[in-house]
Amino acid sequence: MTTLIRPALVIFAALTLVCGIVYPLAVTGIGKAAFPAQVAGSLVTAGGNVVGSRLIGQPFAAPGHFWGRPSATAPMPYNGAGSGGSNQGPLNPALADAVKSRIEALRAADPGNTAPVPVDLVTASASGLDPDISLAAAQYQVARVARARGIDAARVRELVERHAERPLFGFLGEPRVNVLALNMALDTL
């Protein structure tokens, strides 16, 4: 019996050491050396203070800011500890009601805008924390933001284009805009 237990305990201890200590430390060390900003959370600073992360959406409610995707996190919106989607399917009446109320809120905030509302402005992402919006969603908001700030819409549109991230290799993904980066650039105008 001891001939079976002793080798099993030695293998258990060795695997615990390698998989539980050596490997995580090695991966963390390599990550910190090769990708220091990403390992630290891709934090964004302004004036020496952390104002957010490039990877986590934030609530922006002021008319002079671009608004991101709605958050599906609980118990409060944009809660990184509560990441997760709503799990509401397209036939769920609660989702239809939420989308309808979000469309009404967008129309009320910009009554002159008759363009179709981009879907990402009225539906949450799978994580509920998407930091980006589509280029169409940003362009949809240009007139409202420009009017609220009292600046020319062409200037705001140019800022959106400058902050647009194009698909990787020209075909992987969709054109998108990081809402935090765009709003920070907007605040410097």
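Across the chain, the mean sequence separation of Cα contacts (distance under 8 Å, 6 or more residues apart), normalised by length, yields a relative contact order of 21 percent.
Taking the charge dipole of the chain about its Cα centre, with +1 at Lys and Arg Cβ atoms and -1 at Asp and Glu Cβ atoms, the residue from I5, L159, L95 reaching farthest to the positive side is I5.
Tell me, R69, R54 in order of fewest to most beta-carbon neighbours within 10 Å?
Details: R69 25, R54 15.
Going from sparsest to densest Cβ surroundings: R54, R69.
Going by neighbour counts of Cβ atoms within 10 Å, the residues Y23, Y78 line up, fewest first, as Y23, Y78.
Placing +1 on each Lys and Arg Cβ and -1 on each Asp and Glu Cβ, with no other charges, gives the chain a dipole about its Cα centre of roughly 180 debye.
Hey, can you rank 135-145, 118-128 by average C-beta count inside 10 Å, highest first?
Answer by packing, highest mean first, reads 135-145, 118-128.
Note on segment 8-74 and segment 85-112: Cα centroid distance 31 Å, given to the nearest whole angstrom. Remark on the chain: hydrodynamic radius 19.5 angstrom, per the Kirkwood mean of 1/r across alpha carbon pairs. Can you give the helix-only mean residue ellipticity at 222 nm for the chain, where every DSSP H stretch with n ≥ 4 adds -39500 (n - 2.57) and the sum goes over all residues, rounded to the nearest 500 deg cm²/dmol? The helix-only estimate for the chain comes to -14000 deg cm²/dmol at 222 nm.
From Cα pairs below 8 angstrom and at least 6 apart in sequence, can you work out the relative contact order of segment 64-165, rounded to a whole percent? Present the calculation step by step, with values, prior to reporting the outcome.
Details: 124 pairs, mean separation 37.2, N = 102.
Rounded, it is 37 percent for segment 64-165.
Between Y23 and R107, the FRET efficiency estimated from the beta carbon spacing at R0 = 35 angstrom works out to 0.10.
Ranked by the mean number of other Cβ atoms within 10 Å per residue, highest first, peptides 172-181, 7-16, 159-168 order as 172-181, 159-168, 7-16.
Where a number appears in this text, it was derived from the coordinates with a stated rule and is not lab data. Remember, predicted model here, so these are calculated numbers, not experimental data. Note: ideal-geometry Cβ built from the backbone for every residue, glycine included; neighbour counts use all protein chains shown.
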